[in-house]
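The structure appears right after this line, and notes come after that.
The values are calculated or read from the model by the stated rules, or taken from the named source; none is laboratory data. Since we're looking at a predicted model, the values are computed, not measured. For neighbour counting, all protein chains shown are included, and Cβ atoms are generated from backbone atoms with ideal geometry for every residue, glycine included.
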Ligand code: BEZ
Ligand code: FE
């Protein structure tokens, strides 16, 4: 294994030329790719990857550690655990992709990271329904509206909601087949929606795998700021993937996947036990919270 030269050591011109020649050869190997977009992506990837290897003067031992890391990420990934999404998230690649694909449009609600815990086929709840399905946590009344950028109500928007329970676990982490703390509902004729969820609490992303080891090695926390996930879709509108965050959460400034945006920070108003609920539900001796989230969808294709 070779020693890494100190960063100050200049790379001789002849050596630089040998390295550039490797990059040229690899780039040329994609010249015949019939799909122009695939060619563009692969050649750009090669350019950046080679520049990275050359810039840090990657040692063979470090290359080998990188390969081992990727292999471990693959080994731990299955249909319920997606280590590569976690990796993309903690490197900010997910949020950068969100930024590139969701340009600001009028006062459309901002998008944020999707995360690895969305599941297709969540149960449908009606207006005012409860998505907890037995997941532990403080009840939270969530209400709001769905509108387009002209202020027109969007009726029948599909609103998917998912969140961790008060122990910081999604149902996919329970180790059984339970579905909990996730559901979907549809906005009503005036574009309004309301449901019972759980007051969000902070939780760590899964950190018992290679991504967790990476965060520990670089001294970064695996914690996410408290949040509630939404995905909102409607005909002729851009699908919105976002969360709302809890004002006063001390983790807002240190979310490990860079997902927090000020416009998504909301007031979750704490309600003492015994405070009458909006729908008359009897919560006995439990406290609860309430939050309002008005959603604005950008037009499709923007
Ligand atoms: C989440 O919020 O569910 C999440 C996002 C990124 C990585 C891990 C979890
Ligand atoms: Fe989450």
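The residues on offer are 275, 239, and the sole one that is away from ligand 2 (no atom under 15 Å from the Cβ), under 15 Å from residue 161 (Cβ atoms), at pLDDT 95 or above and surrounded by fewer than 17 Cβ atoms within 10 Å (Cβ to Cβ) is 239.
Number of residues in segment 206-229 that are in contact (Cβ under 8 Å) with a residue 40 or more places away in the chain, in contact with a helix residue (DSSP H, G or I) (Cβ under 7 Å, 6 or more places away or on another chain), buried (at least 22 other Cβ atoms within 10 Å of the Cβ) and not in a helix (DSSP H, G or I) equals 0. Somewhere in segment 113-122, is a residue farther than 26 Å from residue 80 by Cα and more than 16 Å from ligand 2 (Cβ to nearest atom)? No - not one qualifying residue is present in segment 113-122.
All of (1) exposed (fewer than 13 other Cβ atoms within 10 Å of the Cβ); (2) closer than 30 Å to residue 173 by Cα hold for residue 90 with one exception: (1). Answer with yes or no whether residue 245 is buried (at least 20 other Cβ atoms within 10 Å of the Cβ), within 15 Å of ligand 2 (Cβ to nearest atom) and not in a loop (DSSP other than H, G, I, E, B). Considered against the rule, which asks whether it is buried (at least 20 other Cβ atoms within 10 Å of the Cβ), within 15 Å of ligand 2 (Cβ to nearest atom) and not in a loop (DSSP other than H, G, I, E, B), residue 245 comes out as yes. All but one of (1) assigned to a loop (DSSP other than H, G, I, E, B); (2) away from ligand 1 (no atom under 12 Å from the Cβ); (3) farther than 16 Å from residue 92 by Cα; (4) touching a residue at least 60 places away in the same chain (Cβ under 8 Å) hold for residue 232; state the number of the condition that does not hold. Going through the list (1) assigned to a loop (DSSP other than H, G, I, E, B); (2) away from ligand 1 (no atom under 12 Å from the Cβ); (3) farther than 16 Å from residue 92 by Cα; (4) touching a residue at least 60 places away in the same chain (Cβ under 8 Å), residue 232 breaks only (1). Scanning segment 123-152 for residues being assigned to a loop (DSSP other than H, G, I, E, B), within 16 Å of ligand 2 (Cβ to nearest atom) and under 21 Å from residue 191 (Cβ atoms) gives a total of 1. Taken together, the residues in segment 92-106 that are part of a loop (DSSP other than H, G, I, E, B) and touching a helix residue (DSSP H, G or I) at 6+ places or on another chain (Cβ under 9 Å) amount to 0.
Residue 149 meets each of the listed conditions (1) surrounded by fewer than 22 Cβ atoms within 10 Å (Cβ to Cβ); (2) within 15 Å of ligand 1 (Cβ to nearest atom); (3) closer than 19 Å to residue 231 by Cα apart from (2). Taking residues in segment 155-166 that are at positive phi and at pLDDT 95 or above, and partners anywhere that are assigned to a loop (DSSP other than H, G, I, E, B) and away from ligand 2 (no atom under 11 Å from the Cβ), the pairs with Cβ atoms closer than 8 Å and at least 6 places apart or on different chains are 156/187; 156/234.
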